[in-house]
Each structure stands twice: as structure tokens, then as C-alpha cells.
Amino acid sequence: MYQAVFFDVFNTLIGAHWPGKSETRQLPLQRVVERRLGGLDAKWQAAYGRVHAGQPGEANWFSRLLAALADHSGMAGSGPLTLWRRNGASLHNWLMVYEDTLATLPRLREMCKLGIISNAWPYLESILQWLGLWEYFESIIISAQVGLSKPNPAIYELALRTLHIHAEQAIFIDDMPQHVVAAERVGLKGLWLMRMPILPQDIPARYRHLTQIYSLEQVIPLVERA
């Protein structure tokens, strides 16, 4: 049944080594702030993609202004990679590949096609190559390259077209529930990956129906049974 699995990247396949970062449960306010900032960044990425890809979506003057800012600042092309290289620090000191990522991707690749749908800047490609993950994926959809961002249903439909499969034949995994909901509305099987524990009472009612997983390895039997 399932011929493809699509992944988000940050907090799904890879995480960050932040100095002093606590592994305890985040407060709801912290989560709200992170989601808001992430949403603004995704809109900027999509605007950049509309300008440089030419489609889909019309690039207005504000989109062109944002794209110029991203190019001038280096955010689009290299982003934090520039800082890491300038300081002589290894990327591996800042970013980590989750253990279940390394355990799951090789097994899934033997059973189905793998893809990425990520709200990110073009330098995500360099990160994936540097961390040794690029080779696993047949489709990589990056918002700043295609001019679309999650949760826009068009970005999921574009990903499906790149692998020539129907929505009901694919799984989508993300740590952000609103993106999982959007994928399910398109017809994909959505899985909400919870890297950090959340108390049931802290989960908004609109997300409680989602299938929750706590490790990527839980995806393997779903594909095997299909």
C-alpha cells in the first residue's frame, strides 16, 4: 500500500546541540513562540522560492524585497553554514542525526521511496550532504526552492508528483501537528513525531486524533504490513 515515506527534517531527522539546552518538557508559551517564528520564516522561504523559481504563485514587490534581503544577507545560500566555517567549528558539533534516523532510513529505502518536504532555505541541501543523509532520498522539496511552504496543500501534491504516486500510497512524518493535519487533508497518512513528551492535557483538541509516534523506527512495521 505505502510506496513512499516523506519526512520533515529539523526535529524529525536531525536535531541541534544547543549549549545548556534542557531536555525537559517545554512550556506551552515556548512552543507558541517557536511555532510563530517558524511560520514567519516559512513565509519568507516561500516568497524567496516564488521569486527564483518563477512558479507557482506570483512574486509581488514584497516577495522580491524579501528575496533580495535573503540573498544580500547570505541567509538563502549558506545561512549558518558560513558562521560554522568561519569559526572553524564542525557542523557535527552543532547538528546531530538522531539514532533512529540512522537505524530507519536504510531499512525503509529497501521497501519504498523516500522523500523530504521541508520549510527551509536552499542550504538545507548542503546540510543533508554534509551529514550523510542526501543519498537516501529520491525527492527533496524545499520551500525556498519551490515557492510553497507547509501547510499549503500544494507542496504535498508537488512532492507526490515528483515520485509519481497517489496520496493514499504515501506517509508523511513531521514534529509539527499542523503540518501533519495538512498532509492528511491531501490524503497522505500522517504521523506526528513527538521528540519531546507532551502531557495529554497540553495537546490542543484539534490534534488529538493524530497518530502519534515517538521513534522513526515505528514506521517500519507500517510499511512492512502494507
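Here, each number is a calculation from the coordinates, and none is a lab measurement. Note that this is a predicted model, so its numbers are computed, not measured. Glycine gets a Cβ as well: all are built from the backbone with ideal geometry, and neighbour counts include every protein chain shown.
Can you give me the distance in nm between label points at residue 96 and residue 129, each placed 7 Å from the Cα along the Cα-to-Cβ direction?
2.6
How many percent of all Cα-Cα pairs in region 108-222 sit more than 19 Å apart?
Numbers: 3209 of 6555 pairs.
Value for region 108-222 (Cα pairs over 19 Å): 49 percent.
What is the order of 113, 150, fewest Cβ neighbours within 10 Å to most?
On the way: 113 20, 150 25.
Starting with the residue having the fewest Cβ neighbours, the order is 113, 150.
By count of other Cβ within 10 Å, fewest leading, how are 175, 202 ordered?
Values: 175 17, 202 12.
The fewest-first ordering by Cβ neighbours comes to 202, 175.
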